[in-house]
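One structure is given here, and the rest of the page talks about it.
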Amino acid sequence: MKFILTLLLCTLSVFTYEEAFASHGMGGELTWICQGNGTYKFRLKLYRDCNGITSGLQLNMQTNHPLGAVLLSLVQQSDISSTGFDSSGTAPCANCSMGSTTSPIIGLVEELIYESQDVTLTGVPPPGGWWFGYSECCRSSQITNMGNAGSNSFFIFAKMFAYDGQSAMPCYDSSPYFTEKPMAVACTGLPYQIQPGAVDADGDAIHYSWDYLSDSLFWNLSFLPGYSVNSPFPDTTQDPLNVAASLNTVTGFITGLNHTAGCYAHKIKASSYKCGQKVAEVSRDFSLAFIPGCPTILGNMQNTAPTIIPPFINPATGSQTSFADTVMAGDTVTAMVAITDVDYFTDTTSQLLTISGAGTQFGTYFIDPLNGCPLPPCATLSAVLPQSVYVGSFLIFNWITTCAHAADTTSQCGGNSNTYVFNIWADDNYCPANARAIATISITVVGAAISIPAGGTTFCTTDAPVNLTAWPPGGTWSGFPLGSGNVFDPSTGAGDFTVYYTWSDSSGCTSTAALTLNVNDCTGIEEFQSYSLALHPNPATDHIFIDGPSHSDAHIAIINIMGQQVYESVLPADNTFLLPILPNGIYLIELRDATTIGHGKLIVQQN
């Protein structure tokens with residue numbers, strides 16, 4: 001059967017408008033790639049409600065760059081509506097050709113991709129960046145979380161920022177781009193998962209955030225009471241059984257539970273950082289409809305999403321509940337990704353699962369360890385994706401890491417992100433809404449690391465020699481005043497001393513860690529006293545608490561495994577410190593006040 005939309009959720013009135021999309025837009029996203037010839041190619045994805053009018057073949061992208069408008073041409077048009085069968089297992093899902101303004105069907109979505117010719121951008125972006133955008137009319141009049149939505153347009157845009165004052169010609173950066181198709185419809189009463197799946201071909205770190213909906217670059221739209229830019233979906237304000245949407249700012253993974261029917265506009269922004277400098281912002285503006293009363297399947301049960309079992313052990317609990325892992329360069333990461341779905345249609349047939357994935361470090365077709373990724377060896381799976389299976393699949397993830405995958409120790413900033421994200425999606429074939437499960441696997445690769453001595457890194461000249469340790473084994477030590485091998489002797493004299501540990505893997509890739517040690521005469525009352533810090537939680541994601549008395553006027557510093565200070569701030573009075581955005585890995589936390597200095601080792605896992 002066709003699921004005829006009686007409430008006309010997420011459909012639009014028909015307007016007359018000069019642009020390609022006169023009506024029934026659902027949102028879009030704008031990205032660009034840096035090409036080998038030094039020019040840029042812009043790509044605009046627009047999503048339209050198939051119940052509306054058709055699209056045009058060309059449109060104009062606007063920008064504040066002096067070049068003015070850029071012509072974009074339609075290169076691909078695809079139906080991305082839910083596929084499969086209704087709850088009976090016999091009637092096929094509706095497709096885009098079946099929608100119309102007189103008989104709208106919920107969940108029918110078409111993706112239209114427009115591209116530019118080669119674009120040359122001269123000059124350096126200003127502090128606020130160059131923006132590139134496209135305006136489209138109009139939003140659905142039935143959107144639930146904003147008032148008078150039908151009178152508002154879309155403004156789909158991206159921003160390009162300067163990096164170290166470099167000229168944009170020739171190009172040096174591609175923007176992030178989204179790999180997951182947007183979810184247009186879901187059933188109420190069930191957990192939902194959204195993962196835009198942004199990847200960056202340059203290896204830049206990506207940070208996700210909610211963003212304001214807008215109908216021009218300078219006009220943000222308002223939400224109705226009970227909703228906000230950071231909470232666009234229903235929460236306990238609308239129904240005590242709801243669970244508010246939660247966004248992981250590192251992986252982009254959004255989860256929630258909604259019992260409140262309606263159509264909800266929202267916008268997710270992915271910002272990329274090259275060596276800590278923001279170089280790009282891209283956003284996906286879209287509307288998700290939650291419909292009540294989705295037909296039940298076999299056993300009078302609600303259709304549920306497939307299950308993906310976490311592949312890694314959580315170091316904090318010792319149980320297999322984690323999708324994140326931190327490994328040393330040279331390790332081989334092997335894990336099983338188990339995907340199952342035991343839902344059946346009412347005719348007792350199994351549902352068909354479609355498994356797909358994305359990640360810049362995956363090899364070609366997900367099975368080639370030598371080709372298809374920027375830093376071979378590539379990660380592989382035991383099967384080509386996309387894959388269609390009944391009941392479930394067991395995929396073996398395998399990745400041989402090298403020190404090239406750790407932070408680049410030769411660059412001035414210490415390298416870009418050394419956390420690699422691999423997304424795997426599993427969709428069933430139930431209509432009106434394909435249920436989706438998402439696994440966001442993140443692996444952080446760290447290079448050579450010197451272990452902090454138990455007593456910290458501050459010594460007196462009268463202290464006994466200390467044995468320093470490092471990982472992986474088999475490396476070489478250098479620096480002063482090192483005695484035999486890895487022995488540090490404070491009696492050499494007062495001062496700050498830096499020691500180095502260098503390790504090479506089997507491929508000849510070299511990684512170096514540095515550690516600075518402070519030696520005092522310890523003859524006066526002003527000398528520092530050293531102690532170990534107790535940090536909670538550890539591993540940490542967004543904050544740490546320093547167990548102990550408050551420290552007046554204390555400064556806290558974060559030092560990476562190369563001995564470089566990457567952040568400093570004043571410690572708040574409650575001893576709770578909010579972490580900045582950092583590459584996952586091992587860090588030294590240093591707390592210093594007038595007379596004491598404390599050290600503690602922290603594992604950062606911001607995913």
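The values are calculated or read from the model by the stated rules, or taken from the named source; none is laboratory data. The shown structure was predicted, so the numbers you read here are calculated from the model rather than taken from an experiment. Glycine also receives a Cβ, built like all others from the backbone with ideal geometry; neighbour counts cover every protein chain displayed. The accessibility values were calculated without ligands, DNA or RNA, using every heavy atom of the protein model including side chains. Shrake-Rupley method; radii C 1.70, N 1.55, O 1.52, S 1.80 Å.
Listed values, structure above:
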quantity: Only one of SER81, SER55, SER73 that is open to solvent by less than 10 Å² (accessible area, probe 1.4 Å) and either in contact with a His (Cβ under 7 Å, 6 or more places away or on another chain) or polar (S, T, N, Q) (or both); calculated: SER81
quantity: Single residue of segment 457-473 satisfying the filter (at pLDDT 85 or above and part of a loop (DSSP other than H, G, I, E, B)) that is farthest from ILE586 (Cα to Cα); calculated: THR462
quantity: THR304 vs. criteria farther than 21 Å from ASN423 by Cα, in a loop (DSSP other than H, G, I, E, B), open to solvent by 20 Å² or more (accessible area, probe 1.4 Å) and touching a residue at least 24 places away in the same chain (Cβ under 8 Å); calculated: no
quantity: Residues of segment 452-470 satisfying the condition of being closer than 22 Å to THR510 by Cβ, among the hydrophobic types (A, V, I, L, M, F, W, C) and surrounded by fewer than 18 Cβ atoms within 10 Å (Cβ to Cβ); calculated: none
quantity: Search result, residues across segment 361-409 that are polar (S, T, N, Q), out of contact with any Ser or Thr (no Cβ under 9 Å at 6 or more places or on another chain) and open to solvent by 40 Å² or more (accessible area, probe 1.4 Å); calculated: THR364, SER382
quantity: Single residue of SER228, SER214, SER222 found to be farther than 22 Å from ASP427 by Cα, open to solvent by 40 Å² or more (accessible area, probe 1.4 Å) and at pLDDT below 95; calculated: SER222
quantity: Residues that are touching a residue at least 40 places away in the same chain (Cβ under 8 Å) and not hydroxyl-bearing (Ser, Thr, Tyr), drawn from segment 78-91; calculated: ILE80, GLY84, PHE85, ASP86, GLY89, ALA91
quantity: Restricting segment 84-118 to residues that are under 28 Å from the mean Cα position of the chain (by Cα) and part of a strand (DSSP E or B), the residue that is surrounded by the fewest Cβ atoms within 10 Å (Cβ to Cβ); calculated: GLU115
quantity: Some residue of segment 180-202 being open to solvent by 50 Å² or more (accessible area, probe 1.4 Å) and either free of Cβ contacts under 8 Å to residues at least 40 places away in the same chain or among the hydroxyl-bearing types (Ser, Thr, Tyr) (or both); calculated: no
quantity: Count of residues meeting criterion [farther than 13 Å from MET26 by Cβ and open to solvent by less than 30 Å² (accessible area, probe 1.4 Å)] in segment 135-152; calculated: 4
quantity: Criterion violated by SER167 - all others in (1) buried (at least 22 other Cβ atoms within 10 Å of the Cβ); (2) hydroxyl-bearing (Ser, Thr, Tyr); (3) modelled with pLDDT of 95 or more satisfied; calculated: (1)
quantity: Subset of segment 260-309 [among the hydroxyl-bearing types (Ser, Thr, Tyr) and under 30 Å from MET160 (Cα atoms)]; calculated: TYR264, SER271, SER272, TYR273, SER283, SER287
quantity: Test: residue in segment 356-370 that is of a type in the set (Ser, Thr, Tyr), within 28 Å of THR249 (Cβ to Cβ) and modelled with pLDDT of 95 or more; calculated: yes
quantity: Scan of segment 30-47 for residues that are open to solvent by less than 10 Å² (accessible area, probe 1.4 Å) and either aromatic (Phe, Trp, Tyr) or under 28 Å from ALA149 (Cα atoms) (or both), ordered by number; calculated: LEU30, TRP32, TYR40, PHE42, LEU44, LEU46, TYR47
quantity: Within segment 501-607, strands (runs of 3 or more DSSP E) holding 1 or more residues that are at pLDDT below 75 and touching a Ser or Thr at 6+ places or on another chain (Cβ under 8 Å); calculated: 529-532, 596-604
quantity: Which numbered condition SER478 fails, given (1) within 36 Å of the chain's Cα centre (by Cα); (2) assigned to a strand (DSSP E or B); (3) of a type outside the set (A, V, I, L, M); calculated: (1)
quantity: Among the residues listed as ILE297, ILE268, ILE313, the single one being touching an Asp or Glu at 6+ places or on another chain (Cβ under 9 Å) and over 28 Å from VAL199 (Cα atoms); calculated: ILE297
quantity: Single match in ASN418, ASN423, ASN429 (criterion: within 22 Å of ILE603 (Cβ to Cβ), surrounded by 16 or more Cβ atoms within 10 Å (Cβ to Cβ) and not basic (Lys, Arg)); calculated: ASN418
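Here's the yes/no breakdown for (1) within 22 Å of PRO432 (Cβ to Cβ); (2) over 22 Å from the mean Cα position of the chain (by Cα):
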residue	(1), (2)
SER141	yes, yes
GLY147	no, yes
ASN152	no, yes
ALA158	no, no
GLU180	yes, no
MET183	yes, no
GLY197	no, no
ALA205	no, no
